[in-house]
Amino acid sequence: LTGVLDDCLCDIESIDDFNTFKIFPKIQKLQERDYFRYYKVNLKRPCPFWADDGHCSIKDCHVEPCPESKIPVGIKAGSSNKYSKAANNSKELEDCEQANKLGAVNSTLSNQSKEAFIDWARYDDSQDHFCELDDERSPDAQYVDLLLNPERYTGYKGPSAWRVWNSIYEENCFKPRSVYRPLNPLAPSRGGTLHLIIYFAFTGESFYTWLEGLCLEKRVFYKLISGLHASINLHLCANYLLEETWGKPRWGPNVKEFTRRFDPVETKGEGPRRLKNLYFLYLIELRALSKVAPYFERSVVDLYTGNGHEDAESKALLLDIFRDTKSFHMHFDEKSMFAGDKKGAKSLKEEFRLHFKNISRIMDCVGCDKCRLWGKLQTQGLGTALKILFSEKEIQSLPENSPSKGFQLTRQEIVALVNAFGR
C-alpha cells in the first residue's frame, strides 16, 4: 500500500515510518502497565436489537475475568472518573457537597427529587458521549486483564457475525436503502439471484461513486467504521488458531486468510481500500491524542493505581507519546468537519454521534465474548477520540489544579482510547 490517503494530505509511507520508529514501541510498553491493562466490561448485557441466538460455545471465545485480588488497589477503589489519589480520597467529600447543593435548592426536596437531579446531571454528562457506556456498578461488570485475553481468531464466524456487521453498515452508515451492499455474497439474500446481481453491481466502482458524492462528514463516518472492521480482521489474521494438537493450540499469522480479505485480485480491488481506511482511522485517533494532551499534562491527573513509582512512570511515558503525536506534521484537519451553517452543522454532528452510539450498542450483539470484549473496547476508544476532537475549546480552557466540569474522561475511556490506538 502506497500513496496519499483520500480526504487528507498524508501519505502512507510517512505514517508507517512515524508509527514504526516513534509511536508503536512506546504504546506497546504503555499497554503493559497496570493502569492500561485492566478494563472493566459487562459481557452479559443483552442484545437490544434481536434475540441473541448466536452465542459462541467454542472454548477460545471465553474471557477469563480477573480475580478481585489481582486488581491494583487504586483501580478498584476509585469510581470511573477518579484517576488521582486526591480524587479518590475526596469522593466522600464530593458526595456530601452534592447533597448540600441539592438541599440548598429547596430544603423540602424529597429524596426521590434529589435522585432525579443527580440523574439529570448524569444525562447532561452523557450528551458528549459517542458510545453507550457500560454501567460499572452492575454486578455483571467485571475487570478483564487485556494481556491475558488477547484479540485473536476464536472460530466465531457465520450468520451471527455477518448479522452484526451487516447491521452496522446497512443501518448506521448514512446510506439510503436503495444502495444495498452487504459484506458477503453468501450472507442471507434478499431475493436470490436478483439479490446477487444487485450485490455485484454495487461491489464495484458504482458504490464508491455514490460514496464520493456524500459530504465529508458522512464519508469520514464510513471510513472510520470500515477502518475499525479492517483492524479487527487484521488482528484475527495475524493471531489465528493454526492447529491444536494434544490440547496445545498454536497461534500465528494466517497468510491465506489475510489474502482472502485484503488481496486486490481476490477482493476485486476492495482490499487496498479497506487498508487505506485503517490508515485513516489511525490518523483520526492520532489527532485525538495530540489534542487531548493538555488534559493529562495537568498535575491533577495521576493515572492512579496505588503504586506511586509505577504511576509516575506511566504518566511520563504517556506524556512522551503526546509529544511525539504533536510532532507529526500531517495531521487530519478536523476543523473541515461540521463547518457549514451552524444549524445544519449542529444537526449533522448530533446525527453523527447517535449513529456511532448505536454501533456501540450493536457490540452487545456479538456472540463471542472475546470478540465482544475487543469490539466494545475499540468502539469505545474510537468514540472517545471523536469526543476529544469535538471538545477542543473545553480542553483548552481546563483548570490546572482542579477537576474539569466542562470536559472529563473516565478511566474506562482513557484505557479504551490507548488500547484502541495500540490496536
**Request:** Note down the net charge around Thr2, summing +1 for each Lys or Arg and -1 for each Asp or Glu among other residues with Cβ under 15 Å from its Cβ.
**Result:** -3
**Prompt:** Of Lys70/Lys291; Lys76/Lys223; Lys291/Lys357; Lys291/Lys346; Lys59/Lys268; Lys276/Lys343, which sit over 29 Å apart, Cα to Cα?
**Reply:** Lys70/Lys291; Lys76/Lys223; Lys59/Lys268; Lys276/Lys343
**Complete:** Neighbours of Glu244 by Cβ distance under 14 Å: Lys/Arg at +1, Asp/Glu at -1, summed charge +2
**Prompt:** In nm, to one decimal, how far is the Asn307 label point from the Ser14 one, both placed 7 Å along Cα→Cβ?
**Reply:** 3.9 nm
**Item:** Point-to-point label distance, Phe24-Ala339, nm (Cα→Cβ direction, 7 Å offset)
**Value:** 3.2 nm
**Message:** If packing is taken as the average count of other Cβ atoms within 10 Å, what order do 361-369, 230-238 fall into, highest mean first?
**Reply:** 361-369, 230-238
**Message:** Through the Karplus equation 6.51 cos²θ - 1.76 cosθ + 1.60, θ set to phi - 60°, convert the phi angles of the stretch 299-309 into ³J(HN,Hα) values in whole Hz; use x for Gly and Pro.
**Reply:** 5, 6, 9, 10, 6, 6, 10, x, 9, x, 5
**Fill in**
With DSSP loop assignment and no more than 12 other C-beta atoms within 10 Å, the GluC sites (Glu not before Pro) in the stretch 377-423 are Glu400
**Fill in**
Note: probe point = Cα of Lys76 + 7 Å toward Cβ; backbone nitrogen < 19 Å; residues of the stretch 382-423 passing the test are 411-412
**Asked** If you keep only loop residues by DSSP, which trypsin sites (Lys or Arg not before Pro) in the stretch 1-55 have at most 15 other Cβ atoms within 10 Å of their Cβ?
**Response** Lys44
**Message:** Once neighbouring chains are kept in place and the probe is 1.4 Å, which whole percent of the accessible area of the stretch 248-378 is contributed by carbon and sulfur?
**Reply:** 55 percent
**Request:** Return the long-range amide H neighbours of Lys40 (sequence gap of 5 or more, or a different chain), with a cut-off of under 5 Å between placed amide H atoms.
**Result:** Val144
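The values are calculated or read from the model by the stated rules, or taken from the named source; none is laboratory data. Just so you know, these numbers come straight off a predicted model, no measurement behind them. Quick reminder, even Gly has a Cβ in these numbers, built from the backbone with ideal geometry, and neighbours come from all protein chains shown. Each accessible area value is taken on the protein alone, full model and side chains, heavy atoms only, with ligands, DNA and RNA left out. Shrake-Rupley method; radii C 1.70, N 1.55, O 1.52, S 1.80 Å.
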